[in-house]
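Written below as structure tokens is the structure these notes are about.
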Amino acid sequence: MTMPGDAMQLPLDGIRAVEASAGTGKTFTIATLYLRLILERSLKVDEIVVATFTRAAAAELSTRLRQRLVIADTLLGEDQPGRSRIGEDGEHLETRKVVARALANGIALDDLRMRAREARLAIDTAFIGTLHGFCHRALAEFGFETGQALAQPELLEDIRDLEGEIVRDFWRRGSADVATAALLSQTWGSPKALAKQACDPRWRGRSIALPEPDLAATETWFEAGVARIRTWTSDDLA
């Protein structure tokens, strides 16, 4: 277990956990590890998976990683790129630390420049997205191996959109009948209110137990009705 800020000390193999609250530098740490993998391990951007839980977090990561590669590419064009300058921000200082470490490990400056430039130009091919998106992409790329259909189903990252669509369709169908439309309007007022109640997570997994129909009693009632009808005369129908 480690805290943000320890990215320069973390080994680049095995499993490591970065644990911290919001706004304490997890994205900064990930960007440093990403750059180290490229400069120290010579990995290509399409060999690294960066996955998170939400699209918003993935978008922020993509911006920050792209920014870090731009900084690395720019700094490696200077003389003595591993030497810090007065007044530089944290992104530049951390990038220089990564460069200085790679140089100290015997990696040639020209090789570092080539790795940074290639990564910067290829960043659009990198996978930086959600966990759902990564699984969907893996299933699509290895469809034959996983026995998937050639036409991939639509990926639903938020089931609430589908639930809302189902409720709106039910509302439209019910509104075709005047009595049902009035009942829906009086009870819920709008499809949104109905969806909020019907799709409440507390209802998921529950079932409504209905009593078993008494077929014998129904049959007796039906036969009694038929027998009575047979006794009717024309006067009864008048």
(message) Let me confirm something: among Arg41, Arg16, which residue is assigned to a loop (DSSP other than H, G, I, E, B), open to solvent by 80 Å² or more (accessible area, probe 1.4 Å) and either touching a residue at least 24 places away in the same chain (Cβ under 8 Å) or not basic (Lys, Arg) (or both)?
(response) Arg41
(request) Go through (1) touching a helix residue (DSSP H, G or I) at 6+ places or on another chain (Cβ under 9 Å); (2) modelled with pLDDT under 95; (3) part of a helix (DSSP H, G or I) one by one and return the number of the condition Leu112 breaks. (result) (2)
(request) Could you give me the residue pairs with C-beta distances under 6 Å whose first residue belongs to segment 178-203 and is within 15 Å of Glu163 (Cβ to Cβ), whose second residue is among the basic types (Lys, Arg) and modelled with pLDDT of 80 or more wherever it lies, and which are 6+ apart or on separate chains? (result) Pro191/Arg168
(message) Quick test of your reading of the structure: Asp79 fulfils all but one of (1) touching a helix residue (DSSP H, G or I) at 6+ places or on another chain (Cβ under 9 Å); (2) open to solvent by 20 Å² or more (accessible area, probe 1.4 Å). Name the failing condition by number.
(response) (1)
(message) Restricting to segment 74-124, and then to whatever is closer than 21 Å to Ile48 by Cα and small (Gly, Ala, Ser), can you tell me which residue is farthest from the chain's Cα centre (by Cα)?
(response) Ala102
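For every residue, the table says whether it meets (1) aromatic (Phe, Trp, Tyr); (2) open to solvent by 50 Å² or more (accessible area, probe 1.4 Å); (3) assigned to a loop (DSSP other than H, G, I, E, B); (4) over 24 Å from Gly129 (Cβ atoms).
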| residue | (1), (2), (3), (4) |
| --- | --- |
| Leu35 | no, no, no, no |
| Asp73 | no, no, no, no |
| Val99 | no, no, no, yes |
| Leu103 | no, yes, no, yes |
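The values are calculated or read from the model by the stated rules, or taken from the named source; none is laboratory data. Given the structure is predicted, the values throughout are model-derived calculations rather than measurements. Please note: Cβ atoms are built from the backbone with ideal geometry, for glycine as well, and neighbour counts cover all protein chains shown. Side chains included, ligands, DNA and RNA excluded: accessible areas come from the protein's heavy atoms. Shrake-Rupley method; radii C 1.70, N 1.55, O 1.52, S 1.80 Å.
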